[in-house]
Amino acid sequence: MALLPILRFPDPRLKKLAAPVIKIDNGIRRLAADMAETMYEAPGIGLAATQVDVHKRVVVVDISEEKNDLRVFINPELSNSAGCSIGEEGCLSVPGVYDKVERAERVTVRYLDLDGKPQVLEAEGLLAVCIQHEIDHLNGTVFVDHLSQLKQTRIRSKLAKQARVTA
Ligand code: NI
């Protein structure tokens with residue numbers, strides 16, 4: 001396994017649309033394992049392949065306290081979104097920035113597991129929010145894109161300063 005470098009907002013590669021996985025082979029299994037290791041190391045509760053500059057529809061999530069409930073979603077698709085929840089979000093690609101985003105409270109997600117079997121998951125609360133956030137990444141959207149233009153400008157300037165300090 002290997003740690004993968006995480007793209008930082010506003011890297012234009014975060015805007016790429018990820019392609020569906022056609023075949024779940026050892027390359028995809030390796031990618032999912034490396035993404036999980038990268039997420040745990042960061043640490044974070046979710047990571048989309050887009051964030052490690054691989055533009056395939058693969059997401060890893062673990063919202064458990066003990067970090068022992070890894071979920072891998074391949075080609076995830078949302079259906080039956082319901083309700084509304086506004087919560088503070090952050091992102092490994094936007095370090096140090098947290099803001100409120102409106103999401104569906106409950107979602108149904110259809111996806112393939114690592115064996116290529118179709119699965120359906122009913123999710124709510126933090127898991128539902130996390131899945132929506134990660135699917136956004138696969139579609140080239142970062143949570144910052146949901147905020148006002150003024151906030152986006154402030155975030156860009158804050159991250160540019162951070163990049164100068166750490167460069
Ligand atoms: Ni994110």
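The values are calculated or read from the model by the stated rules, or taken from the named source; none is laboratory data. None of these values were measured; they are calculated from a predicted model. Neighbour counts run over all protein chains shown; Cβ positions are idealised from the backbone, glycine included. These area figures cover heavy atoms from the full protein model, side chains too; ligands, DNA and RNA do not enter into them. Shrake-Rupley method; radii C 1.70, N 1.55, O 1.52, S 1.80 Å.
General remarks:
- Among the candidates ILE24, ILE6, the residue that is within 23 Å of LEU127 (Cα to Cα), in contact (Cβ under 8 Å) with a residue 24 or more places away in the chain and in a loop (DSSP other than H, G, I, E, B) is uniquely ILE6.
- Some residue of segment 145-152 being open to solvent by 30 Å² or more (accessible area, probe 1.4 Å), within 15 Å of the ligand (Cβ to nearest atom) and touching a helix residue (DSSP H, G or I) at 6+ places or on another chain (Cβ under 9 Å): yes
To keep it simple, each residue is scored yes or no on (1) within 14 Å of the ligand (Cβ to nearest atom); (2) part of a helix (DSSP H, G or I); (3) exposed (fewer than 15 other Cβ atoms within 10 Å of the Cβ).
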position	(1), (2), (3)
TYR40	no, yes, no
SER64	no, no, yes
ILE74	no, no, no
SER93	yes, no, no
LYS100	no, no, yes
TYR111	no, no, no
LEU114	no, no, yes
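- Residue check: GLU88 meets all listed conditions (1) open to solvent by 40 Å² or more (accessible area, probe 1.4 Å); (2) away from the ligand (no atom under 14 Å from the Cβ); (3) of a type in the set (D, E, K, R) but one, namely (2).
- The test for being open to solvent by less than 40 Å² (accessible area, probe 1.4 Å), within 12 Å of the ligand (Cβ to nearest atom) and farther than 15 Å from VAL58 by Cβ does not hold for VAL107.
- Answer residue from segment 42-53, given it is within 11 Å of the chain's Cα centre (by Cα) and free of Cβ contacts under 8 Å to residues at least 60 places away in the same chain and is surrounded by the fewest Cβ atoms within 10 Å (Cβ to Cβ) among those: GLY44
- Only one of the listed residues (GLN132, GLN162) is in a helix (DSSP H, G or I) and away from the ligand (no atom under 12 Å from the Cβ). That residue is GLN162.
- Candidates LYS56, LYS23, LYS16: the one that is under 30 Å from LYS161 (Cβ atoms) and either in contact with a Cys (Cβ under 6 Å, 6 or more places away or on another chain) or open to solvent by 80 Å² or more (accessible area, probe 1.4 Å) (or both) is LYS16.
- Residue-level analysis places LEU7 outside the set of residues that are surrounded by 14 or more Cβ atoms within 10 Å (Cβ to Cβ) and farther than 23 Å from ASP145 by Cβ.
- Any hit, segment 158-166, residues being open to solvent by 20 Å² or more (accessible area, probe 1.4 Å), among the polar types (S, T, N, Q) and at pLDDT below 95: yes
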